[in-house]
Every structure is written in C-alpha cells, then in structure tokens.
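Here's the structure, in structure tokens; my notes come after.
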Amino acid sequence: MSLDELAPIGLDELVDRAGLLTRVDRKYLLPVAVLPQVLAGLPAGTRVLRIDRRQRFRYRSAYLDTPGLDSYLTTAHRRRRRFKVRIRSYLDSGTHFLETKTRGPRGTTVKTRFPYEGGRTHLDPDMRDLAVAALADAGVAAEGFRFDLALTTAYERTTLFLPSTSSRVTIDEHLTWTLPGGPALTTPGRVIVETKSGRSTSPVDRLLWSLSHRPCPVSKYATGLAALRPDLPANRWRSVLRRHFESTAAAERC
C-alpha cells in the first residue's frame, strides 16, 4: 500500500476526531527502507491528512530552554516534572504556535498550544507568561525561568488517522537538527514513526512490534541536543546515538 492509495481526511475532521492533546506517545526510529513494509500492514480504513492535494508537510520547531538547560536536564535525568517549550511553525501554511509539553498521569503527554505571531526564536513577555502559566498548571515551577533558543528542528511530516481507535500516526522524514549559529545534523536514512493514542496501544504499535520494531527513547529536542553537544549528559540516549549516529561526536563506538 502507498500513501496515495489511502483515503484522505481534512484537518478540521482530524482535529475533531483525534485532537489528542493528552495522549500516550510511542516513537520508533526506523530505516527508510522498511517504511513500505509498515505502510503495507496498515489497518483497513486508515486515512491520510491531505490539504490542497498535499499530504507531506514541512515543519520547523524552535526549542526554547533556560540558560541552565532545565528542560534538557530534567528529561535526561527522567524527572517527573520534565517539560518542553517550543515554537512550532507550519511552513506550508505560514502559521505558528507556542507549545508546552509536560507529563501527565500514567505516562501520558499533555500538550498546550497558543497561536503565536511574534519572533520565531524568542518569546515576548506576554507569550512567556502564557508558557509559564501552562507549565505551572502541570506542576512545573517556571516563574523565574528565562527561555532562549537551544535547538531548531526541521522535517517533513505525514499524518495518518486510524478510525478504529481514533488515534494518529505521524511519519517524520528528512529530520535536521541545528544549534543556534550551527552546526547541523541530518538523520542518516531514518524516519521517526510516532503513534499517538488515547489508549495504551494502537494497531500500528502492534504492527511494528510484529515486525520486531520496539519504541526507543528518541526525542527530537533532547536526542538532537545530545548528538550535537557531547559535553551534555546523554545516558538516556546513548544507545540511540551509538546505533543510529555513530559518526557524530556524541556517539560512543562499540
């Protein structure tokens, strides 16, 4: 099965049926060569997001962190109150959102988002206050935090909708990580498949498991920063870096 063979779904219907701002996320880092096998096993009725005849969309995320990298370090050390702050840009439509991501009960991810019209790499005072308030609602004390650009990601995303479970699957290709002022790193022949479900598993999780693919701790922000900043603690992502990014300074060779 190819993506062109899937029935389309529009953005409004997708948001209405599978907004999933609170959800269970699982990420899989796969070789590009196995993607056709995954697509061939998609459950019947799977639909693909299509807007103006386009089904692959360009994304850019500017990740903001404190001068002490509290966002990165709380994730690296698996703290309960870990968080992310980013400016998400949909390049094909020219729209931008300020987003926060925190941990909810039982391992869920909770995302809040606000329309954003300011500079794409920094927060004006009003938007910073919105981010701080959203984090406070999740139990993250961020009142004194200053947020600066720490990493930019860019990639192309395809989004699938699974009607049987009202869940989503995203396929991210051509991911590039860039530090402020450089350097940059592109994922070598890999795609990130992410399942987003209100339940513990989705049909695509079970499909990937049947093909011997398991979730891995890949974070577009934290893994990218670890790959480009070998001075940072990276135990949580060392196996991912060693397996998929052996040529980077952060990867440890076997």
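The values are calculated or read from the model by the stated rules, or taken from the named source; none is laboratory data. Note that the structure is a prediction, hence the values are computed from the model and not measured. When we count neighbours, we look across all protein chains shown, and the Cβ atoms used for this are built from the backbone with ideal geometry, even at glycine. Heads up: the accessible areas ignore ligands, DNA and RNA and are worked out on the full protein's heavy atoms, side chains in. Shrake-Rupley method; radii C 1.70, N 1.55, O 1.52, S 1.80 Å.
Computed values, structure above
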read-out: Rounded accessible area of ASP52 (nearest 10 Å², 1.4 Å probe); value: 140 Å²
read-out: Max mean-square fluctuation residue, GNM over the chain, Cα-Cα springs under 10 Å, options ASP148, ASP124, ASP172; value: ASP124
read-out: Given (1) 13.4; (2) 15.9; (3) 12.5, the label whose value is mean projected area of the Cα convex hull in nm² derived from this model; value: (1)
read-out: Furthest towards positive pole of dipole, THR159, THR46, CYS216, structure part the chain, Cβ charges; value: CYS216
read-out: Rounded accessible area of TYR90 (nearest 10 Å², 1.4 Å probe); value: 50 Å²
read-out: 222 nm mean residue ellipticity, helices alone, for the chain (DSSP H n ≥ 4; -39,500 (n - 2.57); rounded to 500); value: -6000 deg cm²/dmol
read-out: Accessible carbon and sulfur surface of the range 1-81 relative to its total accessible area, %, 1.4 Å; value: 50 percent
read-out: Whole-number percent relative contact order across the range 154-201, with pairs defined as alpha carbons under 8 Å at least 6 apart; value: 36 percent
read-out: Label-point separation in nm, ARG78 to ARG53, each point 7 Å along Cα→Cβ; value: 5.0 nm
read-out: Å² of accessible area per residue within the chain, as computed with a 1.4 Å probe and no ligands counted; value: 47 Å²
